[in-house]
Each structure stands twice: as C-alpha cells, then as structure tokens.
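The values are calculated or read from the model by the stated rules, or taken from the named source; none is laboratory data. Keep in mind it's a predicted model, so treat the numbers as computed, not measured. Every residue, glycine as well, gets a Cβ built from its backbone with ideal geometry; the counts of neighbours run over all protein chains shown.
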Amino acid sequence: MSQRSVARMAGLFYLAYIVIFAASTFVQGKPIVWGDAAATAHAIAASQGLFRLGLVMELVASLLFLLAAWALYVLFKPVNKDLALLFLLLNLTGVAIECVGAMIHFAPLLVVTDPAAMAAFKPDQLQTLGWIFVKVSGIANMVQGLFYGAWLFPLGFLVIQSRLLPKLIGILLILDGISMTICFVQVWFFPGYEKWMYPLYPIMFIAEFGLGLWLAVKGVKIHAPVPAISS
C-alpha cells in the first residue's frame with residue numbers, strides 16, 4: 001500500500017474511533033446516577049439493552065483505536081522503527097486496560113439481573129456491589145489515561161521529524177500528551193479540582209480530531225526519500 005493509502009486508512013480509523021467512543025461514553029453514562037447506588041442499579045436493570053449497546057460500542061471503538069495505531073506504525077516505521085513500536089505498544093497497553101475496564105463496567109448489569117446473585121444477596125448489598133464495579137471501572141479509565149497520554153509523545157515527535165504532516169499537528173499532539181498527563185495527575189492527587197482541567201480539553205480534541213481529519217482528507221506529503229532518524 002502507498003503511504004497516502006495507509007495515511008487515509010489511519011485517519012478513517014481514528015475518526016471512527018473518536019465518534020464511536022464519544023457515543024459509547026454518552027450511552028454508558030445515561031444509567032449512572034453518581035452518588036446513588038440504588039438509583040443506578042434500578043436504571044441499569046431498566047435499560048439493559050442500552051447498557052449492552054454502550055459496552056459493544058466501547059469495545060468496537062477500542063478495536064478501531066488499535067487499528068489506527070497500527071496504521072500509524074506502518075506509516076512512521078520507515079522514519080524510526082523504535083519510536084513507532086513504542087507508541088504502538090503504549091497504545092496497545094491502553095486499549096487492553098480499557099477493554100478490562102469495559103468488562104468491569106458491564107458487571108453491575110450481571111449483579112442486578114442474575115437470579116443467582118439476587119438469591120444470594122439482599123437488594124441493598126447487590127446495589128452496593130454494583131456501585132463498587134462502577135467505581136472500579138472508573139479507576140481503570142484513569143489508568144488507561146496514562147498510556148493514552150504517553151503514546152502521543154513519540155507519535156508527535158515522529159510527525160514533526162518525518163515531514164509527512166504539518167509540524168503544527170505534531171506540536172499539538174505533544175501538547176495533548178502533556179494535557180492528558182496533567183489530567184492523570186489531577187485525577188489521582190487533586191480529585192476536587194477537575195474544573196482546572198477544562199481548558200485542556202479543547203487541545204486534546206483539536207490535536208486528535210485534527211490528526212484524523214488531516215490524514216483522512218489530505219493524506220501525507222511524499223518526500224523521496226524520507227530521512228531516517230537514528231535510534
């Protein structure tokens with residue numbers, strides 16, 4: 001495949017990931033009533049189909065994200081194989097954690113609808129257990145953020161050095177990585193100051209949506225040869 005074909009494939013995978021992941025976050029979040037285990041349990045039991053759909057959408061989004069990372073690896077491997085492999089492995093680790101978190105997020109549905117669980121535990125115990133699973137899945141999301149932030153650093157560096165894409169996109173990706181790292185620190189050590197992170201969200205969206213859109217529409221600049229970067 002040509003570089004332009006690989007680039008457009010990466011862009012389409014990336015854009016599809018962003019859209020489906022955003023939709024899955026909205027769908028999975030609808031039954032969750034933060035701070036109220038009983039209301040959450042009732043909402044999950046009443047919207048089982050929606051809850052399952054959200055899980056499937058998140059898993060599909062994770063697959064698309066990994067495919068986007070693979071296509072980017074193929075694109076940037078001639079520039080620096082080691083850095084390309086690094087961002088692919090970081091992405092893979094984040095995807096694996098996200099899939100585990102999705103499975104844990106699905107557990108409350110089993111807790112509040114499984115006949116064996118309902119026979120073994122009291123209703124308030126089931127509600128509390130389901131809420132614990134919701135909280136643990138949230139922790140998994142925090143952990144995956146570390147890897148989803150880290151992979152942007154080698155990716156952004158390769159975008160800048162390769163000359164295949166505008167350098168501004170590479171700079172934005174690195175700023176995106178810094179923003180996600182700051183968010184990771186805030187979530188773990190300063191949980192009451194999430195509003196401080198709001199100004200960083202536009203940077204994250206512009207960097208990643210911009211990367212996907214540019215690759216899908218414009219492809220890459222072809223230079224012959226593309227200079228290799230020593231490891």
Check: What's the number of the condition Ala120 fails, among (1) loosely packed, with under 14 Cβ neighbours inside 10 Å; (2) under 25 Å from Lys77 (Cα atoms)?
Finding: (2)
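Quick check, is Pro227 modelled with pLDDT under 90, over 17 Å from the mean Cα position of the chain (by Cα), surrounded by fewer than 19 Cβ atoms within 10 Å (Cβ to Cβ) and part of a loop (DSSP other than H, G, I, E, B)? Give the derivation first.
On the way: modelled with pLDDT under 90: yes; over 17 Å from the mean Cα position of the chain (by Cα): yes; surrounded by fewer than 19 Cβ atoms within 10 Å (Cβ to Cβ): yes; part of a loop (DSSP other than H, G, I, E, B): yes.
Taking the combined requirement at face value, the residue satisfies it.
Could you tell me whether any residue of the stretch 60-80 is part of a helix (DSSP H, G or I), over 19 Å from Gly149 (Cα atoms), among the basic types (Lys, Arg) and modelled with pLDDT of 90 or more? Please lay out each step first, then the result.
First, the residues of the stretch 60-80 that are part of a helix (DSSP H, G or I): 60-76.
Filter again for over 19 Å from Gly149 (Cα atoms), leaving 60, 74-75.
Pick out the ones that are also among the basic types (Lys, Arg) and you get none.
No, the conditions are met nowhere in the stretch 60-80.
Kindly establish whether Gln127 is closer than 30 Å to Gly49 by Cα and either at pLDDT 90 or above or touching a helix residue (DSSP H, G or I) at 6+ places or on another chain (Cβ under 9 Å) (or both).
Numbers: closer than 30 Å to Gly49 by Cα: yes; either at pLDDT 90 or above or touching a helix residue (DSSP H, G or I) at 6+ places or on another chain (Cβ under 9 Å) (or both): yes.
So Gln127 fits the description; yes.
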Item checked: Test: residue in the stretch 165-186 that is buried (at least 19 other Cβ atoms within 10 Å of the Cβ), farther than 25 Å from Asn80 by Cα and not polar (S, T, N, Q) -> yes
Check: Listed residues Gly49, Gly94; which is closer than 22 Å to Asn141 by Cβ and either of a type outside the set (A, V, I, L, M, F, W, C) or out of contact with any helix residue (DSSP H, G or I) (no Cβ under 9 Å at 6 or more places or on another chain) (or both)?
Finding: Gly94
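Just checking, does the stretch 15-34 include any residue being aliphatic (A, V, I, L, M), in contact (Cβ under 8 Å) with a residue 60 or more places away in the chain and under 30 Å from Phe76 (Cβ atoms)? Break it down into steps so the answer makes sense when it comes.
Going residue by residue through the stretch 15-34, those that are aliphatic (A, V, I, L, M) are 15-16, 18-20, 22-23, 27, 32-33.
If we keep only those that are in contact (Cβ under 8 Å) with a residue 60 or more places away in the chain too, we end up with 15, 18, 32.
Applying the additional criterion that residues be under 30 Å from Phe76 (Cβ atoms) yields 15, 18.
Yes, the stretch 15-34 contains at least one residue that is aliphatic (A, V, I, L, M), in contact (Cβ under 8 Å) with a residue 60 or more places away in the chain and under 30 Å from Phe76 (Cβ atoms).
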Check: If we scan the stretch 95-106, do we find a residue that is assigned to a helix (DSSP H, G or I), in contact with a Phe, Trp or Tyr (Cβ under 7 Å, 6 or more places away or on another chain) and closer than 18 Å to Phe153 by Cα?
Finding: yes
Next item on the list: For residues that are among the aliphatic types (A, V, I, L, M) and not in a helix (DSSP H, G or I), scanning just the stretch 26-59, find the one that is surrounded by the most Cβ atoms within 10 Å (Cβ to Cβ).
Entry: Ile32
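How about the stretch 108-224: which helices (runs of 4 or more DSSP H) wholly inside it have at least 1 residues that are within 24 Å of the chain's Cα centre (by Cα) and farther than 26 Å from Gly35 by Cβ?
Numbers: elements: 115-120, 123-150, 152-162, 167-189, 201-217.
It comes to 123-150, 152-162, 167-189, 201-217.
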